[in-house]
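Taking it in order: structure first as structure tokens, then the write-up.
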Amino acid sequence: MRRGSAWVAVLILASAAAAAQSPGAATAADPEALTLAQARALALKNHPDIAASDYRAQAQHEVYVQSRAGLLPQVNLYADAVHAGADNTRLMAGGINNPSVFSRTALGVGASQLITDFGHTANLAASSRLQANAAQDVALTTRAQVLLAVDHDYFALLQAQALEVVARQTLETRQLLLQRVSILAQNKLKSDLDVSFAQVGTEDARLLVQRAHSDADAAQATLATVLGYRDVHTFVLADQSADASAVEPGAAALVVQALQDRPELANLRNQRDAAQKLARSLRDARLPTVSAVFDAGNAPTHDARLPDNYSAAGITVSVPLFAGGLYAARQHEAELRARAADAALRTVEDEVARDVRVAVLNLNSARERLRTSAQLRRYATTAYELAEARYRAGSSSIVELSQAQLALTSAQLEETASRYEVLSRAAELEYQTGATADAAALGTGG
């Protein structure tokens, strides 16, 4: 079994070296050497969900710019060319008005600046800014989720490839046993029953290889998709080691870290604060609005009763008196939505604390399973070696040897699966505590 493992490892290393030395970019038929850090960086660059969330965050920032514009000066350029049909044109039907319609051509500029609306526009802009921050948090959450998917798919492919190596080692061992038993049966030293048992074990191992190879191909396709590739890509991955003796901080400390770092919670806090700011803005909408206005310009041609140049400045005050309860209803709606957002935040905080504790339990369980499966594999190896020696000595039957082979194969598969389950559970704990989001915020994924 050890010789077969070394032979397969040599093949994998040779494949990786060939991929690294080949000139030009790798094609779909050429395996690509890929580390976990490289996979994360590719996903951050290519995944369409990340691009979509970034665009939505940028769009929400533009909403903030629109809201903030009310606090800045408003400047407009005017140009008029008017022909009045008679001197009494200014006496026009309609409401109370003074249209001052005279024949003229004129150019001018008008400017206005909000002096105060007692917090209405400022709170509205603050609400939009918090909504933009919330959209950034959503984009960060999307990045963290993509990185978690990359980790899971990367480790799943490593596991599938390792299981295929175990399956091929098993097939090689059973084929050697079949050849040996067949020769002994031809020399009348073993029975045809032994040959039949060896054939059954060989074909069972062949089925195991076929399933493992199919699973590895599926894992290749899944990883390529999460990296943003639409066509077929094959990868030679850098293996990751799982430490069964590592000690994580206590669950309580990790819960505190998660409540501080998880972008989903930051998003909900920003949404709650935005709703509160909006409620204040709508409350202030019932207060007066004071603005300064200024206009100036020149009239190259005009009626004799008009001057060549003109300018005017003033202060305007607008006071809403009655709107049928519109302002109060808007304020109450925003206040209720802010309370709902605060309640939703508390719910998600409880869920995050639960998920962190569950992730810690799952990781500890996976590490314990790895330790147990490693010990099981050692015992199974010893049992197989003893059974093989007994069978060669003629003191046991092929049934005992076949059972030892099955137990060893099962133990090897279990240890391989447990090793990569530890890595996957560790990645999930990083996500639950917000560490993955911190890596995503840096834009490196590492």
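The values are calculated or read from the model by the stated rules, or taken from the named source; none is laboratory data. What you see is a predicted model, and the numbers here were worked out from it, not measured in a lab. Neighbour counts run over all protein chains shown; Cβ positions are idealised from the backbone, glycine included.
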| field | Test for Glu351: is it out of contact with any Gly (no Cβ under 9 Å at 6 or more places or on another chain), among the acidic types (Asp, Glu), assigned by TED's automatic domain parsing to the domain that holds Gln260 and farther than 30 Å from Pro249 by Cβ | value | no
| Gln145 buried (at least 21 other Cβ atoms within 10 Å of the Cβ), assigned by TED's automatic domain parsing to the domain that holds Tyr55 and either within 40 Å of the chain's Cα centre (by Cα) or more than 22 Å from Leu442 (Cα to Cα) (or both) | no
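Per-residue answers, yes or no, for (1) surrounded by 18 or more Cβ atoms within 10 Å (Cβ to Cβ); (2) charged (D, E, K, R); (3) at pLDDT 95 or above; (4) over 30 Å from Glu428 (Cβ atoms):
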residue	(1), (2), (3), (4)
Gly325	no, no, no, yes
Ala328	no, no, no, yes
Ala334	yes, no, no, yes
Arg346	no, yes, yes, no
Glu349	yes, yes, yes, no
Arg354	no, yes, yes, no
| remark: For the range 255-310 the number of residues that are buried (at least 18 other Cβ atoms within 10 Å of the Cβ), part of a helix (DSSP H, G or I) and among the polar types (S, T, N, Q) is 5
| query | closer than 30 Å to Ala134 by Cα and either part of a helix (DSSP H, G or I) or at pLDDT below 90 (or both) - does that describe any residue in the range 363-383? | reply | no
| remark: For the range 221-254 the number of residues that are in a helix (DSSP H, G or I) and surrounded by fewer than 19 Cβ atoms within 10 Å (Cβ to Cβ) is 6
| field | Inter-residue pairs, beta-carbon under 7 Å, first in the same structural domain as Leu207 (by TED's automatic domain parsing) and in the range 175-195, second not in a helix (DSSP H, G or I), 6+ apart | value | Val181/Lys190; Leu184/Lys190; Ala185/Ser191
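For every residue, the table says whether it meets (1) under 30 Å from Gln60 (Cβ atoms); (2) hydrophobic (A, V, I, L, M, F, W, C).
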| site | (1), (2) |
| --- | --- |
| Ala132 | yes, yes |
| Leu147 | yes, yes |
| Tyr154 | no, no |
| Ala160 | no, yes |
| query | Can you tell me which residues in the range 149-165 are buried (at least 24 other Cβ atoms within 10 Å of the Cβ) and in contact with a Ser or Thr (Cβ under 8 Å, 6 or more places away or on another chain)? | reply | Asp151, Phe155, Leu157
| query | Which members of the range 188-216 meet the condition of being surrounded by 14 or more Cβ atoms within 10 Å (Cβ to Cβ), among the charged types (D, E, K, R) and more than 16 Å from Leu171 (Cα to Cα)? | reply | Lys190, Asp194, Asp215
| field | Number of the exception - Ser396 against (1) more than 30 Å from Phe155 (Cβ to Cβ); (2) in a helix (DSSP H, G or I) | value | (2)
